[in-house]
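Below: the structure, in structure tokens.
The values are calculated or read from the model by the stated rules, or taken from the named source; none is laboratory data. Everything quoted here is computed from the prediction, not taken from an experiment. With ideal geometry, Cβ positions are generated from the backbone for all residues, glycine too; neighbour counts draw on all protein chains shown.
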Amino acid sequence: MRPSIRMIEFLKSLVQIKSISPNDNGCLNLIEKELENLNFQCKRINYMNVENLYATIGNSGKLFCFLGHTDVVPSGPEDKWKYPPFSATIEDDILYGRGVADMKAPVAAFIEATKEFLNSNDEPNFRLAILLTSNEEGTSKDGFIDKIIDKMIKDNEIIDFCLVGEPTSSEKVADCVRIGRRGSLGGYLKIYGKQGHIAYPEKVVNPILLSGDLISKLNNKIWDNGNISFDPTSFQISNINSGTGAHNVVPGELELVFNFRFSPESSEESLKHDFESILNDLNLNCDLKWDLNGNPYYTKDNFFKDIVSNSIQEVTGYKPEFNAKGGTSDGRFVAKMNSEIIELGPVNKSIHQIDEHVKISELWTLKDIYKKILFNLNQVL
């Protein structure tokens, strides 16, 4: 079987697995088998409900790591899809399936690029690793890959260069590359009022009305102005829940779920302080819980960035845009190692949407870019 066809067939086998976060459901078994055939040493490091695979090859030199995930978000209503979301159907140059862009296609490209690189380099000048988790899309209650990173730091297993396969491209493959991400700070606020009959306003305290001033102040506040690499910190409310369902009962409490995506110009401490100051000014009776999902990170060094930029240009003929936009990723955990981190993956227009897809021709290009990065890195280390 030709390498390009082999990669697509392997990708289809991954997409056909319904690995809704945090359930891997066998993806890592298929991947581990492929990597063991390449003489990788594979370790399964599971934590809580999350399966993780750490595979390495090589005995000396700096450590390069492909970082990715096998879990996907739910498909949504399957009858809205052009093809069943876990059928991995190909139509012309398009492969459809939940999780194909985010991020099973990059995982398949990791492996195929690694195969082709190792076939030409029996003894690379650096160590090569692939680190995969089954809970990038999920929540911290199921466990995150950060526990593996913490153990690696304790064991002095430090990643020097990390390539995260998240879908960063905008219009065509590798036109945009991430060199940083904003932090993510979530919160859960419960505002207390006094429940009662809606016809007696003097006997009730309506938490929905109380929340109005708070939401207005939070929405209008400028938390920071960002900087040349990062957009300003943003505040959004994702959920509001209150009421009994009855039209004649004022509720006794309101629950509000919110999130900051914050630049390095703010911090966990500064955002908490400013938020809580607004609460205190309004004298609300409330409870507040915080959930830090990750701090901002930014790759300042140019060595790995230049390797990636030159590799993209050699394969595609154009240079990428480097930025720190988008959501968060597992790169935030690797950042604790002071690694040089680059995020590069497929076009992200369809991720998490109905009819998620990738262009097969662009997947081959992505594989060639990954391979070129390995070859170029090998020449200078």
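A few remarks follow.
- All positions within the range 254-267 that are surrounded by fewer than 18 Cβ atoms within 10 Å (Cβ to Cβ) and touching a strand residue (DSSP E or B) at 6+ places or on another chain (Cβ under 9 Å): GLU255, VAL257, ASN259, SER267
Here is a yes/no grid of residues against (1) at pLDDT 95 or above; (2) of a type in the set (A, V, I, L, M, F, W, C):
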residue: ASP102; (1), (2): yes, no
residue: GLU112; (1), (2): yes, no
residue: ASP122; (1), (2): no, no
residue: ALA129; (1), (2): yes, yes
residue: GLU136; (1), (2): no, no
residue: LYS147; (1), (2): no, no
residue: LEU163; (1), (2): yes, yes
residue: SER170; (1), (2): yes, no
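- Residue list for the range 117-150, restricted to those being acidic (Asp, Glu) and either without any contact (Cβ under 8 Å) to a residue 24 or more places away in the chain or more than 18 Å from GLY165 (Cα to Cα) (or both): ASP122, GLU123, ASP142, ASP150
- Selection status of GLY165, crowded, with 24+ Cβ neighbours inside 10 Å and either on the phi > 0 side of the Ramachandran plot or among the charged types (D, E, K, R) (or both): no
- In the range 22-36, the residues that are within 25 Å of ARG332 (Cα to Cα) and out of contact with any Asp or Glu (no Cβ under 6 Å at 6 or more places or on another chain): ASN23, CYS27, ILE31, GLU32
- Condition met for SER21 (of a type in the set (Ser, Thr, Tyr) and surrounded by 21 or more Cβ atoms within 10 Å (Cβ to Cβ)): yes
- Only residues that are in contact with a helix residue (DSSP H, G or I) (Cβ under 8 Å, 6 or more places away or on another chain) and either surrounded by fewer than 13 Cβ atoms within 10 Å (Cβ to Cβ) or within 22 Å of GLU276 (Cα to Cα) (or both) were counted in the range 217-253, giving 11.
- Scanning the range 298-333 for residues that are in contact with a helix residue (DSSP H, G or I) (Cβ under 6 Å, 6 or more places away or on another chain) and over 21 Å from SER170 (Cβ atoms) yields ILE307, PHE333.
- Residue within the range 262-270 that is within 17 Å of GLY294 (Cα to Cα), among the hydroxyl-bearing types (Ser, Thr, Tyr) and touching a Ser or Thr at 6+ places or on another chain (Cβ under 6 Å) present: yes
- For the range 37-48, the condition of being under 25 Å from SER329 (Cβ atoms), surrounded by fewer than 15 Cβ atoms within 10 Å (Cβ to Cβ), in contact with a helix residue (DSSP H, G or I) (Cβ under 9 Å, 6 or more places away or on another chain) and not charged (D, E, K, R) holds for at least one residue.
- Residue list for the range 40-54, filter: farther than 19 Å from PHE144 by Cβ and either in contact (Cβ under 8 Å) with a residue 60 or more places away in the chain or of a type in the set (D, E, K, R) (or both): PHE40
- Failed criterion for VAL173 (all others in (1) crowded, with 19+ Cβ neighbours inside 10 Å; (2) assigned to a loop (DSSP other than H, G, I, E, B); (3) more than 21 Å from the chain's Cα centre (by Cα) hold): (3)
- Filtered by the rule that a residue be surrounded by fewer than 19 Cβ atoms within 10 Å (Cβ to Cβ) and either among the charged types (D, E, K, R) or assigned to a helix (DSSP H, G or I) (or both), the range 334-361 gives LYS336, MET337, LYS349, ASP355, ILE360, SER361.
- The number of residues in the range 201-260 that are in a helix (DSSP H, G or I) and among the small types (Gly, Ala, Ser) comes to 3.
- Filter result for ILE278 (surrounded by fewer than 18 Cβ atoms within 10 Å (Cβ to Cβ), assigned to a loop (DSSP other than H, G, I, E, B) and of a type in the set (A, V, I, L, M)): no
- Residues that are at pLDDT below 95 and crowded, with 22+ Cβ neighbours inside 10 Å were ranked within the range 304-332; the one that is farthest from the chain's Cα centre (by Cα) is ALA324.
- Remark: pairs (first residue in the range 80-97, in the same structural domain as VAL358 (by TED's automatic domain parsing); second residue of a type in the set (Val, Ile, Thr) and surrounded by fewer than 17 Cβ atoms within 10 Å (Cβ to Cβ); Cβ separation under 7 Å; 6+ apart in sequence or on different chains) = LYS80/ILE354; TRP81/ILE354.
- Scanning the range 216-231 for residues that are touching a strand residue (DSSP E or B) at 6+ places or on another chain (Cβ under 9 Å) and touching a residue at least 24 places away in the same chain (Cβ under 8 Å), we see that the one that is nearest to LEU256 (Cα to Cα) is LEU218.
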